[in-house]
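Only one structure is covered here, and it is reproduced in the block below.
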Amino acid sequence: MRLGLVIDLDVCVGCHACAIACKEWNASGTTAPLTDYQPYGAKPSGVWFNRIRSYEVGEYPHNKTINFPMSCMHCEDADCVTVCPTGASYKRAEDGIVLVDQTKCMGCNYCSWACPYGARELDRESGTMKKCTLCIDRIYDTFMPVEERQPACVLTCPAHARMFGDMDDANSAVSVVIRERGGYQLMPELGYNPTNHYLPVRKATPISTENLGKLGFKGRLKGVVNKVVKR
Amino acid sequence: MRFWCANPKLIPIFNMNAIVKIENHDNQEIKFTTCYMCACRCGIKVTLEENKVRFIQGNRNHPTNQGVLCAKGSAGIMKQYSAAKLRKPLMRKPGAERGTGEFVEIEWDQALDILTERLSEIRSTNPSKLAFFTGRDQMQALTGLWAQQFGTPNWAAHGGFCSVNMAAAGLYSIGFSFWEFGAPDWDYAKYFIMWGVAEDHSSNPIKIGLEKLKRHGGKFVSVNPVRTGYSAIADEWIPIKPGMDGLLALSVVHVLLSRELFDWEFLIRYTNSAWLVVDTPGQKGHGLFLRDEQGNPLVWDMEKAGFVNALDKDITPALFGDYVAPDGRPVRTVMTLTAERYLDERYAPENVAQECGVSAETIERMALEMAHVAFKETVELDIQWTDSWGRQHDKVIGRPVAMYAMRGIAAHSNGFHACRAVHLIQIMLGALDGPGNFRARAPYPKPIPPHQLPENNIDIINAPNTPLSKTPLGFPTRPEDLVIDKQGNPLRIDKAYSWEIPIASHGLMHMVITNATNHDPYPIDTLLLFMSNMAWNSTMNTKNVQDMLREKDPAKPDQHKIPFLVVVDAFHSEMVNFADLVLPDTTYLERHDTISLLDRPISEPDAAADAIRYPLLKLDRDVRPWQEVMVELAGRLKFPAFTNADGTRKFKDYPDFIVNYERAPGIGFLAGWRGKNGEKSLKGEPNPKQWEKYIENESFFAHHWPDSQKYNRFANKEYLDIAADVGFVGKSEPITMQIYSEPLQKFRLAGQGLYDGPQPNNPVDRERLAKYFDPLPMWYKPLEQERVDGEEYPFFALTQRPMLMYHSWDSQNVWLRQILAQNYMYMNRGQATRMGLKDFDWIWVESHNGKIRCQMRTMEGTQENTVWTWNAIGKQGGAWGLKPEASEAKSGFLLNHLISELLPAKKGERRITNSDPVTGQAAWFDLRVKITKAAEGEVGSWPEFPAIKPLPWDDGERPDVLRYSTRTDDDKQS
């Protein structure tokens, strides 16, 4: 099993709902808390597992805005795991989720330097590295209703731009949508084989504007023949 | 995955490295309530742990959000634990100047005694001396009733600077509206046009809908000078110049008309397009409908070859034509007037392209795409329904072109007509309340306009200790309905329903402080503001408004121009700083509340719905819900509706009031589980267990319409029968859409001196009525732009709120502010380059009303003549529980200083509100500015404001590190 996310860039409006839901769940989750720095001060910041970046492509007026949520890709060949000197960073054999054992992490930052996706966040208070767990404490919590055993970001996304599932299962909804919509990995050339996929922007089908109505109504207005419509 | 642990609660998830424990739910409770982080009012499922909030998520059964939740909603935790929460009633310190932030704590009894005494004196002498205005209010049915019972006409919510153009345009045209009285039908829509910013209302339903639309292969077109928010995912972005939407819409109408692309059947059956208009220019009665002796409008019946009652069954109205009435007056059909007007070359795409900033080719293509989808991709559903004339239909036809519009159109002084122009497109396409287009939300549609007039009987208004006989707000249909005295002077402090602003159906909150300070039209005694930041981001002209709040009355030097200022809020806003008396409110997780069908309901097109809130958390400070305080004050002041015959209080508290108050027999604030045993819906006797039933049912009620009642409700007999029975409409009769608005024409005639009834004396008023009360949709240049030099002030300047903060009372939210804690002035990149400006430059932005200094950024997605910024990010230092050095205070800024609440002065004219001349909607978006680079060393936002002092209970200390968590050691990874 290889669990991960599929994110639909065609419908992501960049509303940050996923980022906050993630923060909210994980503030009391397995690696809680997610520390906030200067929460009331000049430069507020903190530990977040999911951040939304927005880019413009093209030049005015043909520009387009792409909102790009980024979190841990749960790579198959995760360098963050390989470089960890204490064994705190690990990839679970049974589902591919990459986690950090907080009791073993010494906050050396190696994994964060190794991660090309910027997915790791050092909590300066605990001195440990934290990251997306795919809400492992939701997806395996049998006390939750089945339909809620999903990452918080997926549950909350108002545009349903996020999907969660098993990429190893060819028939899973995520595998199907990746095939149908041409889902892709981010920067595959780096060789980490990320599990998460993105769906590209759809191309709108042109709408016909042919054979519509009859030009010249202005000229016909004076002597227009009324249609008989019963009211 | 295999589980092999006997007790699933203790499942350790094993792997080679570590064990992950799921959390311990033993001490958790799950409760359902309604979000109040914005105006969307989603259902939320809240997990609590020992009186702390563990998790807030969307309620998947709720009709509004169907399980999802936005950033604001999830950030509710940090609202609950905001450092800005008020803790106790406050009184301005004796001897301290207003606005210096010197307060003393007082007890509730004392606060209520002070207020009761003051209000009692006002009510028994001159009730109009109380002005009660509310901001992010979701309980206008209660606040309006309270004001009515007090007897003051001076009440409104904040719709005058928010939504009234959209609401009024819809309610005077189609019987429902953008804003909150209708929604796109996402299930069947194939083409969706979003006019301007729409991140403000129905935030989650629109996001859910946009994904559905795109999944089904529909096209999303965004008409907006700025490509942010939802526009990011638009298939086509049309960067229109601000304020030109109405002109663009009328050009679309031109294209449709020029090819005869309109829905004949829809126009004849459901609109007034065949009604006959008297055509006698310069004479009394010109432009009014030809009517029979009973007052029914007439049409020309083609089969009978004569005039017949337009409301009759089985008639054959002529859509086009000129006729001569029996009394000899020439008459023309509405559609004839419409076609002549908009077929004029003025509206040809090539003649509006430059003004709109949209190419003629684009305008024409947009119109034709809409027509193609409406007429060639029609949706047909096999649904039987009966029309108002008793005819059975076996199909519902849908023209699947959906639209939504809000702020971008609303906030211009030509917004009312621009919105009417958009409705005209919908009417011509027959794309209203059908599958795939824009559908009504109960209790709408209503008669056009709704049968509710504002109180205007001066004797009742002036009578001491007497409730108004009608609500303060309503929908005038003619000059006789204005709220003015015999001399034509306004009776309301905001001048709503005066000759200056005749159809101000949401009031003009943005004028209250200015008018009250100027004693124009009269001085008031007490201004009571609920949850509205009129000393900062919710007012125009912020800096000067702060001065007005401080201004003393030269005639009575120990008294302010606004003598007593009461502020009700849950948080330490900039407004609180100016209060004489502060009444601290609770958060939304700590109180009872109703989201009522009598108010701004949460209905969706397929279901009438309402909802409640109830206290989920125990209070940890000395605050009271404003609802409770209003019921308490109503009892103390002995309002008739709140008092028994023997003078005792009728309602113990707010929950008791909600259960037992009936507006009409069987109709109360909550529509669900009525009847003695809770067996009735929408209508029924009070049920003493109603709150319990709501709580059992996840805090909402939904009445799902059967298929036969879902569409064409303006003429759907089954639906209208029910609507009449439960009080949504007066009686079951078809609602005829009004392309041509006779109420507007009556006001125009009054301006032209041709009206049989009251007429204005002042030439300014006469001119405004004659010019702007066009019975057909029109476009005119935004008023401020008529008076400022477009070359001197070359840029349009706009503000908007980001999705993650829109309508939230939460700029202090410690999670949300990590995403956005400083605003910039955004400018088109190419334009900036031409001006020698670049990212992070400090610039001066100047309007006719003043100047500000701020930092800029560039982007592609902004129309070249436009600059814009995020509103309400800038804060006064020390407010909202933030440190004085917060970036919001030091680098953030408000555009508000540049926007005047008054139009630039004109010789020979009194000062006129900077608002839509029809509805009084604040014209925030009409602003023009010039931009220059700040000198070397000129950095930091300007004007600067002194930091607000901490409140008495606050030592001003704030932690540098926050580690919120409900996780206990027991839960943590072992």
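The values are calculated or read from the model by the stated rules, or taken from the named source; none is laboratory data. Everything numeric in this text was worked out from a predicted model, so none of it was measured. Backbone-built Cβ (ideal geometry, glycine too); neighbour counts: all protein chains shown.
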*asked:* Just to be sure I understand, how many residues within segment B:455-470 are without any contact (Cβ under 8 Å) to a residue 24 or more places away in the chain and assigned to a loop (DSSP other than H, G, I, E, B)?
replied: 2
*Looking at (1) at the interface with another protein chain (Cβ under 7 Å from one of its Cβ atoms); (2) without any contact (Cβ under 8 Å) to a residue 60 or more places away in the chain; (3) assigned to a loop (DSSP other than H, G, I, E, B); (4) surrounded by 13 or more Cβ atoms within 10 Å (Cβ to Cβ), find the lone condition where A:M144 falls short.*
(1)
*Considering B:N27, B:N59, B:N51, which residue is buried (at least 24 other Cβ atoms within 10 Å of the Cβ) and not aliphatic (A, V, I, L, M)?*
B:N59
*Of all residues in segment A:32-47, how many are touching a Pro at 6+ places or on another chain (Cβ under 9 Å), facing another protein chain (nearest Cβ under 7 Å) and part of a loop (DSSP other than H, G, I, E, B)?*
3
*Among the residues of segment B:558-572, is any free of Cβ contacts under 8 Å to residues at least 40 places away in the same chain and of a type in the set (V, I, T)?*
yes
*Taking strands (runs of 3 or more DSSP E) that fall entirely within segment B:74-173, which contain at least 1 residues that are under 23 Å from the mean Cα position of the chain (by Cα)?*
B:130-134
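Residue-by-condition table, conditions (1) in contact (Cβ under 8 Å) with a residue 24 or more places away in the chain; (2) not in a strand (DSSP E or B):
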| position | (1), (2) |
| --- | --- |
| A:A159 | yes, yes |
| A:M163 | yes, no |
| A:I178 | yes, yes |
| A:R202 | yes, yes |
| A:I207 | no, yes |
| A:K214 | no, yes |
*Kindly indicate which of B:F375, B:F320 is part of a loop (DSSP other than H, G, I, E, B) and either of a type in the set (F, W, Y) or outside the structural domain of B:V223 (by TED's automatic domain parsing) (or both).*
B:F320
*With the condition kept exactly as written, say whether any residue in segment A:172-181 is within 11 Å of another protein chain (Cβ to nearest Cβ), in contact with a strand residue (DSSP E or B) (Cβ under 6 Å, 6 or more places away or on another chain) and charged (D, E, K, R).*
yes
*Could you look through segment B:292-317, keep only residues that are surrounded by fewer than 17 Cβ atoms within 10 Å (Cβ to Cβ) and part of a strand (DSSP E or B), and pick out the one that is nearest to the other protein chains (Cβ to nearest Cβ)?*
B:N309
_So B:L529, is it assigned to a strand (DSSP E or B), crowded, with 24+ Cβ neighbours inside 10 Å and of a type in the set (A, V, I, L, M)_ = yes
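Condition check ((1) acidic (D, E); (2) touching a helix residue (DSSP H, G or I) at 6+ places or on another chain (Cβ under 6 Å)) across all residues:
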site: B:V788; (1), (2): no, no
site: B:N813; (1), (2): no, yes
site: B:Y824; (1), (2): no, no
site: B:K838; (1), (2): no, no
site: B:D841; (1), (2): yes, no
*asked:* Give me the residue from segment A:93-121 that is closer than 26 Å to B:D960 by Cβ, of a type in the set (A, V, I, L, M, F, W, C) and without any contact (Cβ under 8 Å) to a residue 24 or more places away in the chain and, out of that set, surrounded by the most Cβ atoms within 10 Å (Cβ to Cβ).
replied: A:C108
*For segment B:184-208, what are the residues that are modelled with pLDDT of 95 or more, more than 9 Å from chain A (Cβ to nearest Cβ) and closer than 25 Å to B:L798 by Cβ?*
B:P184, B:F192, B:I193, B:M194, B:W195
_Selected residue [in a strand (DSSP E or B), more than 7 Å from chain B (Cβ to nearest Cβ) and free of Cβ contacts under 8 Å to residues at least 24 places away in the same chain] from A:Y55, A:Y90_ = A:Y55
